[in-house]
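Only one structure is covered here, and it is reproduced in the block below.
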Amino acid sequence: MNKEETILLEVLRCAIHNESVDSLELTPEEAFNILNLAQIHHIAPLIYDKIYMYIPTQIQALWKSNISQQTVIQIIRTDNFIKLYQDMLNNNFIPLVFKGIVCRNIYPNPDLRISGDEDLLIEKKNQKRMDDYLISQGFNREGDYDDVKDEIGYRHQTLNLYLEIHTSLFSKESPYAFLNDYFQDVFEKKITLTIQKQTFYTFNHTEHLIYLLAHSYKHFVHGGFGLRQVCDMVMFMHTYGEYINYTDVDAFMDQYSLDCFWSNLLDIGRTYLGFDEDKAHYHIHNDNIDSYDLLVDLMQSGIFGASTSERKHSSNMTLEAIGSNNTSTFKSIMKSLFPDTNYIKSTYAYTKKYPILLPIGYIHRILSYLFNKKEKSGTAVVEIGRQRIALLKKYKIIKED
């Protein structure tokens with residue numbers, strides 16, 4: 001890691017624990033680069049007030065305006081979501097909130113932890129009724145209604161809200177659909193949280209922590225995930241550690257071969273982000289701790305592995321390796337060239353509208369892969385894919401050949 005990345009981690013540690021930052025030796029260019037990196041990880045509002053004084057005065061106003069806008073929008077968005085959720089309860093829905101508002105609420109200043117959407121889990125039997133309700137409230141559905149889908153997005157321009165309504169936590173068509181088995185009884189075990197004096201239903205604390213880790217794993221095998229997800233886990237364990245059944249957590253990690261990945265994530269938290277094992281009521285298992293490569297991957301990935309198009313496209317290689325537990329580069333490259341039809345349909349809209357054009361979509365995919373000059377795309381995808389498969393092996397998510 002370079003100096004700017006190291007300083008970002010230190011400033012972020014102070015920010016999430018509401019501590020002051022020691023005097024920094026930063027050039028204006030370094031400060032500007034740190035803020036840009038923070039923006040990629042969607043944590044700029046968290047650190048801005050601890051670093052703005054190092055930015056050249058001529059651009060301070062621009063950054064201040066940008067950060068203020070993000071924060072004000074989050075305040076409005078949260079207020080609107082709280083009102084909407086209470087109305088859902090009044091209409092005999094009991095959706096479970098997760099991530100978003102729950103994670104924001106565990107930070108010293110919740111409105112500085114930005115969320116682009118709100119996630120709600122509902123029972124399948126209520127999917128159509130929820131769709132009718134949201135449409136009646138002025139939301140626009142993304143795409144046509146389809147009760148086969150296990151996730152549907154809804155946007156309300158006036159309220160500045162984007163909701164993801166889930167009937168399962170992980171897509172049933174994905175390589176990690178097996179994780180849904182663990183969460184089959186979340187509605188029976190639900191708990192309530194009071195946020196801004198209002199009642200919310202959510203997962204119990206043990207299942208919520210397991211979900212945060214499983215969600216990070218999902219993004220890790222795609223293109224990676226960023227610093228904010230580690231901060232969420234650190235803050236969640238500090239806040240609710242005494243209520244978490246860590247025996248169940250460890251059993252889950254062991255069952256799904258995530259124990260090494262989990263321990264190394266927590267080691268990043270302990271080393272760089274102020275994770276306190278006593279405060280969390282949990283001590284990290286010290287076998288196979290070597291978290292530096294994982295940290296480098298997090299720093300490079302951005303919020304959800306979307307820092308570059310090459311990282312996103314390399315996910316076809318890592319998903320192939322996960323699905324088959326086979327690290328063959330040739331097979332992974334072929335999977336990247338010939339992904340499943342759902343990927344082609346989501347990438348090339350004409351193939352979704354006219355399925356007969358799927359062969360053209362695959363040709364389009366191959367030509368784009370081979371001849372896109374930007375950032376030497378094809379070569380970069382393969383190299384990133386190889387590196388990330390090596391990480392999956394290092395952290396024992398897939399077995400060694």
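The values are calculated or read from the model by the stated rules, or taken from the named source; none is laboratory data. Being a predicted model, the structure only gives us computed values, none of them experimental. With ideal geometry, Cβ positions are generated from the backbone for all residues, glycine too; neighbour counts draw on all protein chains shown. Accessible surface areas use protein heavy atoms only, side chains included; no ligands, DNA or RNA. Shrake-Rupley method; radii C 1.70, N 1.55, O 1.52, S 1.80 Å.
Things to note:
- Stokes-Einstein diffusion for region 169-292, with the hydrodynamic radius set to the Kirkwood value over Cα pairs and evaluated at 37 °C in a medium of 0.692 mPa s, equals 215 µm²/s.
- Low-density loop positions, trypsin sites (Lys or Arg not before Pro), region 182-250 - DSSP coil, at most 10 other Cβ in 10 Å: Lys197
- Reduced Cα scattering model of region 143-225, Debye log10 I(q)/I(0), q = 0.11 Å⁻¹: -0.39
- Volume of the Cα convex hull of region 220-270, divided per residue and given in Å³: 81 Å³
- Solvent exposure ordering (accessible area, 1.4 Å, most first) of Tyr240, Tyr211, Tyr182: Tyr182, Tyr240, Tyr211
- Carbon-plus-sulfur accessible fraction, region 51-129 (probe radius 1.4 Å, protein heavy atoms only): 53%.
- A Cα-only calculation for region 102-155 places Rg and Dmax at 14.0, 40 Å.
- Under a 5 Å amide H cut-off, with hydrogens placed 1.01 Å from N, Asn105 pairs with nothing among residues at least 5 apart or on other chains.
- Gained length - Met1 relative to Met53, 0.36 nm times residue gap less alpha-carbon distance: 16.4 nm
- Amide H to amide H distances under 5 Å link Phe187 with no residue, where only residues 5 or more positions off or on other chains count and H is placed in the peptide plane.
- Rg in Å to one decimal, and Dmax rounded to a whole Å, for region 73-217 via C-alpha atoms: 14.6, 40
- Kirkwood-type radius of region 1-134, with distances r between different C-alpha atoms, in Å: 16.9 Å
- Exposure check, 1.4 Å probe, all protein chains in place: Arg270 carries approximately 80 Å² of accessible surface.
- Relative intensity, log₁₀ I(q)/I(0), of region 182-238 from a Debye sum that treats every alpha carbon as a point, q = 0.14, 0.27 Å⁻¹: -0.47, -1.09
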